[in-house]
Amino acid sequence: MTTATSKEELLIVKEQDVVPLRNRVKEYGVKIGMSILNQTKLITATSELVRNLLKYGGGGKVIIESVSNGRDQGVRVTFIDNGPGIKDISLAMKDGYSTGKSLGLGLPGTKRLVNEFDIQTELGNGTTVTIIKWKNG
Amino acid sequence: MGDFLLVTIQVDLYDQLAENLESDLINTINKNNSKGVLIDISAVSIIDSFMGRILGNIAVMSKIMDAQTVVVGMQPAVAITLVELGLSLNGVISALNVEKGMDLLRAKMYNGDNEEQTYDDSNQ
Ligand SMILES: Nc1ncnc2c1ncn2[C@@H]1O[C@H](COP(=O)(O)OP(=O)(O)OP(=O)(O)O)[C@@H](O)[C@H]1O
Ligand SMILES: [Mg+2]
């Protein structure tokens with residue numbers, strides 16, 4: 001079971017919120033002694049998902065948590081928006097699929113960078129993406 | 001430095017700053033008729049798809065203006081993460097550090113070598 005030890009919530013409404021969020025997530029990684037490589041993967045994943053939250057979700061909130069599963073410590077980041085939702089998740093998870101004339105790398109790339117990846121979406125009601133990067137994952 | 005332009009990115013850039021860098025750089029290349037651009041990213045701790053696209057744009061634009069861009073000093077963790085993310089910095093040539101980048105630019109200039117390649121000095 002995964003339990004959270006510390007937690008904070010950040011409101012994300014504009015592009016200028018991205019770098020402070022990345023820095024905060026990095027601090028959570030540093031605090032548990034995560035390697036530079038795993039920190040970099042976690043922060044890059046965070047950056048991609050927060051961009052989606054801004055671009056497609058119209059902004060929202062991000063929850064950062066220190067988590068533990070008994071064997072390992074990690075950082076969990078949850079991205080919550082109340083945007084239009086995603087019509088076809090399996091399509092959205094494909095490399096190269098984009099409705100924003102972009103590279104379509106964000107979702108599939110993020111999944112590769114983290115240890116746990118969950119996406120919940122409901123048309124008209126928004127999207128929630130949760131990732132965990134374990135210290136030794 | 002002659003015809004080369006050296007740009008050092010000191011902090012992780014906000015998107016707007018990254019876009020400004022792109023347009024400033026293009027203008028400067030144009031004004032000085034620069035033949036080579038070195039972008040030192042050794043202080044950059046993350047490159048996501050947005051930043052990757054900016055670097056790609058700079059490389060493409062400079063090429064159109066007959067200048068060659070070399071990105072130098074990418075941190076190993078950043079390079080590994082880019083590969084896993086699936087972002088290939090197409091057209092962006094990279095070198096280990098400023099000195100190697102400079103050698104690469106000079107070699108390209110005097111040999112008229114326009115092939116795209118990644119400078120590999122892993123055996124040195
Ligand atoms: N929070 C969200 N709300 C609504 N739709 C989303 C959301 N996140 C992603 N999508 C949809 O999923 C598609 C794929 O997202 P992904 O991040 O993989 O690619 P992209 O954002 O289009 O391109 P890139 O991330 O490479 O710039 C998006 O084009 C968009 O249609
Ligand atoms: Mg995206």
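Per-residue ellipticity at 222 nm for chain A, helices alone: DSSP H runs ≥ 4 residues times -39500 (n - 2.57), over residue total, nearest 500 deg cm²/dmol?
Estimated from H runs of four or more residues: -10500 deg cm²/dmol.
Just A:P108, A:P84, A:P20 to compare: in a GNM of chain A, with alpha carbon springs under 10 Å, which one fluctuates most?
A:P20
So which aspartates and glutamates pass the test for B:K63, namely a Cα distance under 19 Å, with those fewer than 8 places away in the same chain ruled out?
Counting by Cα, and skipping residues close in sequence, B:K63 has these aspartates and glutamates nearby: B:D3, B:E19, B:E22, B:D24, B:D40, B:D103, B:D113, B:E115, B:E116.
Counting pairs of alpha carbon atoms under 8 Å apart in space and at least six apart in sequence, what relative contact order in percent does the stretch A:2-137 give? Intermediate values should be presented prior to the final figure.
Values: 269 pairs, mean separation 38.1, N = 136.
Relative contact order of the stretch A:2-137: 28 percent.
Simple spin-label model, 7 Å along Cα-to-Cβ: B:L17 to A:N82 in nm?
3.2
What nm distance separates the two modelled labels at A:E122 and B:V7, each placed 7 Å from Cα along Cα→Cβ?
Each label point is offset 7 Å from its Cα along the Cβ direction, giving 4.5 nm.
Could you tell me which residue out of A:T46, A:I36, A:I131 lies farthest along the dipole of the stretch A:3-134 toward its positive end? Charges go on the beta carbon: Lys and Arg +1, Asp and Glu -1, centred on the Cα centre.
Checking the options against the dipole of the stretch A:3-134, the answer is A:I36.
Taking every pair of alpha-carbon atoms in chain B, what share in percent sits in each 10 Å bin, from 0 to the bin with the longest distance?
In whole percents, the pair-distance histogram is 13, 49, 33, 5.
Mind checking the full-extension length gain between A:I32 and A:K55? Use 0.36 nm per residue of separation minus the Cα-Cα distance, one decimal, nm.
My answer for the length gained is 5.2 nm.
Quick one: if the Förster radius is 25 Å, what FRET efficiency do B:D103 and A:N23 give, using the C-beta to C-beta distance and rounding to 0.05?
0.10
Lysine pairs, Cα distance under 15 Å, 8 or more residues apart or cross-chain: how many in the stretch A:3-134?
Qualifying lysine pairs in the stretch A:3-134: 13.
Please list, in chain and number order, the residues 5+ apart from A:L105 or on another chain whose amide H is under 5 Å from its amide H, with Hs placed from the backbone.
Sorted by chain and number, the residues that satisfy this are A:G96.
D for the protein assembly as shown, whole µm²/s, Stokes-Einstein with Kirkwood Rh over alpha-carbon pairs at 25 °C and 0.890 mPa s: what number? Please report the intermediate quantities before stating the final value.
Numbers: Rh = 19.5 Å.
In µm²/s, the coefficient is 126.
Dividing the alpha-carbon Rg of chain A by 2.2 N^0.38 Å yields what?
Normalised by 2.2 N^0.38 Å, the Cα Rg of chain A equals 1.00.
Give, to the nearest whole percent, the P(r) tail of the stretch B:25-91 beyond 20 angstrom, counting all Cα pairs.
Here the long-distance tail beyond 20 Å is 29 percent of all Cα pairs in the stretch B:25-91.
Can you compute the helix-only [θ] at 222 nm over chain B? Use -39500 (n - 2.57) per DSSP H run of at least 4 residues, normalise by all residues, nearest 500 deg cm²/dmol.
Mean residue ellipticity, 222 nm, calculated: -15000 deg cm²/dmol.
How much length would be gained if the chain were fully extended between A:T2 and A:S102, taking 0.36 nm per residue of separation minus their Cα-Cα distance, in nm to one decimal?
Result for the pair: 32.5 nm of gain on full extension.
Relative to the Cα centre, what is the charge dipole magnitude of the stretch A:3-134, using +1 at the beta carbon of each Lys and Arg, -1 at the beta carbon of each Asp and Glu, and rounding to the nearest 20 debye?
300
Placing unit charges on C-beta atoms (Lys and Arg positive, Asp and Glu negative, everything else neutral), compute the dipole magnitude of chain B about its Cα centre in debye, rounded to 20.
Taking the Cα centre of chain B as origin, the dipole is about 260 debye.
Taken together, the values in this text are just the output of simple stated rules run on the coordinates, not laboratory data. Only a predicted model underlies this, so the values are computations on that prediction, with no experimental measurement involved. Backbone-built Cβ (ideal geometry, glycine too); neighbour counts: all protein chains shown.
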